[in-house]
1. Quick one, can you get me the convex hull of the C-alpha atoms of region A:237-276 expressed as volume per residue in Å³?
2. Under 14 Å from a point placed 7 Å out from the Cα of A:Arg432 along the Cα-to-Cβ direction: which residues of region A:259-299 have their backbone N that close?
3. Along region A:376-381, what does the Karplus equation 6.51 cos²θ - 1.76 cosθ + 1.60 (θ = phi - 60°) give for ³J(HN,Hα), rounded to whole Hz, x for Gly and Pro?
4. Counting protein heavy atoms only and a 1.4 angstrom probe, how many square angstrom of accessible surface do chains A and B bury in total, to the nearest 100?
5. For region A:232-352, compute Rg over Rh where Rg is the Cα radius of gyration and Rh is the Kirkwood radius from the inverse mean 1/r over Cα pairs.
6. Choose one of A:Thr404, A:Phe94, A:Gly206: the residue whose Cα lies farthest towards the positive end of the charge dipole of the protein assembly as shown (beta-carbon charges +1 Lys, Arg; -1 Asp, Glu; about the Cα centre).
7. As an exercise, take the mean of 1/r over every pair of distinct alpha carbons in region A:16-160, invert it, and state the Kirkwood radius in angstroms.
8. Taking all protein chains in place and a 1.4 Å probe, what share, in percent, of the accessible surface of the protein assembly as shown do carbon and sulfur account for?
Amino acid sequence: MRAELIVIGAGPAGLAASLAASARGTRVALVDAATETGGQFYRQPATGLGAGRPEALHHRWRTWERLRDGLAASSVRVLTDHHVWCVERKSGGFTVHALLGPEQQEPAEVHARAVLLATGGYEHVLPFPGWTLPGVVTAGGAQAMLKGQLVVPGRRAVVAGTGPLLLPVATGLAAAGVEVAALVESTGPGRLARHGRALAGKLPEGAGYAARLLRHRVPVLARHAVVRAHGDDRLTGVTVAALDTAGRVRPGTERRLPCDTLAVGHGMLPHTDLASGLGCRLDGLAVAVDAEQRTDVPGVWAAGESTGIGGAALALAEGHIAGCSAAAHLRGTAPTPAPAALKARTGLRSSAAALDAAYAPPAHWPEQVTDDTVVCRCEEVTAGAVRDALDLGASDERTVKLLTRAGMGWCQGRMCQTAVAGLAGCPPAPSRRPFARPVPLGVLARQHTQEELS
Amino acid sequence: MNPLEPAGARPGPAFTVTFDGRPVRALPGQTVAAVLWAAGVTSWRATRGEGRPRGVFCGIGVCFDCLVTVNGRPNQRACLVPVRPGDVIGTQEGTGHEGADHDGADDGGDGHAG
Ligand SMILES: Cc1cc2nc3c(=O)[nH]c(=O)nc-3n(C[C@H](O)[C@H](O)[C@H](O)COP(=O)(O)OP(=O)(O)OC[C@H]3O[C@@H](n4cnc5c(N)ncnc54)[C@H](O)[C@@H]3O)c2cc1C
Ligand code: FES
């Protein structure tokens, strides 16, 4: 298939970008791995479930309706069930390589003059004893299963970690009938207050969640952390403890909460594989973009969480600006984004920075990671093995990986990278993964043959 | 309460799949992970090294903790794969290749680069 602009990712950022570009006369193909558009924030219940009131489990539904109806009325070609594993730069444009459907065996290609990466992010979880037990899930994962599949993982849950995502997860689970025994947030109210000015715009949203937590009688334990999950084959409870102002566990404050589910998260990390495969510069762990959301590779734009974590409203603003810019460059004109989007981006970026600083995981979390705690879930590498590698002289995650295999498994370090870096006492370095998805060797071999023939 | 209620869900007719030989009720559109969660099952894999149980972790296809065998094919991500009537789902032991039914099944485990 051929388009002028391929947008990868149909979350808030990709939807806003596709609509803006197509409204400006660009032929857009919108590609997503999921079976429905919406991304993480507007994740839709599977069609077969026949949800009559899908809005009950969502917030800001009106915005979704506007995006959905706009998309239906537009000329955007929507390609769902396309798992993109690589974007290739060719003379005069780009080829997007995807695998079709849930089994991801059949290849498909889409060609265009420009690409816009709106691939979002995934949840960050730092290890602690017991975090591999069934019943322990990421907070966003619990939310995704609830919104998309209308199932909950258990009857009594603890929601824990740090960050704004814990609020919709705790209230969402409670609204779905799960008893939420506690919301355990490692950040204390003082740290939020210190960033009060930049967060002022977030106050009404925060107050709304506070009211819902109260209504569902969810106790909030601020400046607390889950220090251990208990159970043999399945989660039976967690131990929570209070933290001091430096983020260390206050001895004697540990107490046990029985539960069958722990939804845990420590913020989000951007998806940057496709961008780094294209050679785009990264800024820390996110794709670096200019004021028009352009990456440093000509013809490649990026928007939303892939350029830094900031929530759905920021993703919408960035997507709009990126879509306008891509359309203008394809036409050889000047971009015309809505001034409201530019203004929203400035405000939301500063509150995102403040949230990021306020919700940093406790500085001393590695002290809670016992030697027998699994750090790399795929390769079953323990913290003890990582520490042995550090004793042998490894001083960064790459050397630890070579000595222990941490990060070499199925997920390619997505789940353990920041933890290994944290144990090594260095900042996580952006990783270069050649493919964004596992690719059958048969598909690669076919690819190679075609190239040799052409 | 059950989350189908607040969402006003009127799913199509339920059907049956099996998990480790026993029948489990499934709804159209559900993934393998959702069917198992709804049946109260939270683990369906034993790790290669220690044989430890695992199930859903990230819920969105990133962590590969939820690998499972479906119709003889190991290493399918339960959180992504939708069920079909009659599917035979089985706990995956290790890499899923020992004792797996290879007949006619092009398994997704070998021959992946990534
Ligand atoms: C599991 C999870 C649940 C969340 N739930 C909430 C919530 O309930 N409330 C809230 O405020 N925030 C939530 N968030 C935060 C949310 O990610 C953002 O606020 C917002 O959705 C970001 O928008 P985006 O457009 O940048 O990315 P996303 O909404 O994440 O959209 C990215 C899209 O790109 C697609 N994609 C990624 N890589 C590829 C690829 N290689 N090939 C094809 N398609 C690809 C994905 O399928 C996805 O649809 C959640 C995050 C996660 C990870
Ligand atoms: S739960 Fe993470 S890949 Fe399925």
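1. Numbers: hull volume 4.3 nm³, N = 40.
That works out to 107 Å³ per residue.
2. A:273-282
3. Residue by residue, region A:376-381 yields 8, 5, 6, 9, 6, 8 Hz.
4. Details: alone 20610 and 7050 Å², together 23040 Å².
Chain pair A/B: roughly 4600 Å² of buried accessible area.
5. Working: Rg = 20.9 Å, Rh = 17.4 Å.
Radius of gyration relative to Kirkwood radius: 1.20.
6. Value computed over the given set: A:Gly206.
7. For region A:16-160, inverting the mean 1/r across all distinct Cα pairs yields 17.7 Å.
8. Numbers: 12190 of 23040 Å².
That fraction is 53 percent.
The values are calculated or read from the model by the stated rules, or taken from the named source; none is laboratory data. Every value quoted in this text rests on a predicted model; they were computed, and no experiment measured them. When we count neighbours, we look across all protein chains shown, and the Cβ atoms used for this are built from the backbone with ideal geometry, even at glycine. Protein only, heavy atoms only, side chains kept; ligands, DNA and RNA dropped before computing areas. Shrake-Rupley method; radii C 1.70, N 1.55, O 1.52, S 1.80 Å.
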